[in-house]
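Report on the structure given below.
Bear in mind these aren't lab numbers, they're just calculated from the coordinates by the rules spelled out. Small disclaimer: the values here were computed from a predicted structure and weren't measured. Glycine also receives a Cβ, built like all others from the backbone with ideal geometry; neighbour counts cover every protein chain displayed.
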Amino acid sequence: MKFHFSRHLTEEIEKRKLSKELIERVLRAPEQKTPELDNITCFQSQMEIGGKRYLLRVMVNETVNPPVVVTAYRTTKITKYWRKP
């Protein structure tokens, strides 16, 4: 699936020192997809970055075509956001 990267996303991943490749990896094969606010779905995966375990969360508006990637961030608060099946 093709995604459009918003200007905000591009600015934020630069500030947060995240690579486009990591974002694309989560978009291609998220470990989880969870509904967030309004039309936003969170694609998220656990991964090791710089020797530390993080949850990479990528917020996507799937109601438009192509879906728009709004923002992305990493967090160590995995248990806060990880949904148990």
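Only one of the numbered conditions (1) crowded, with 18+ Cβ neighbours inside 10 Å; (2) under 10 Å from the mean Cα position of the chain (by Cα) is violated by residue 73, and that is (1). Once region 1-32 is narrowed to residues that are surrounded by fewer than 15 Cβ atoms within 10 Å (Cβ to Cβ) and touching a Ser or Thr at 6+ places or on another chain (Cβ under 7 Å), the residue that is farthest from residue 66 (Cα to Cα) is 31. Candidates 18, 22: the one that is among the hydrophobic types (A, V, I, L, M, F, W, C), in contact (Cβ under 8 Å) with a residue 24 or more places away in the chain and assigned to a loop (DSSP other than H, G, I, E, B) is 18. Residues in region 38-52 that are over 20 Å from residue 66 (Cβ atoms) and loosely packed, with under 11 Cβ neighbours inside 10 Å: 48, 50, 51, 52.
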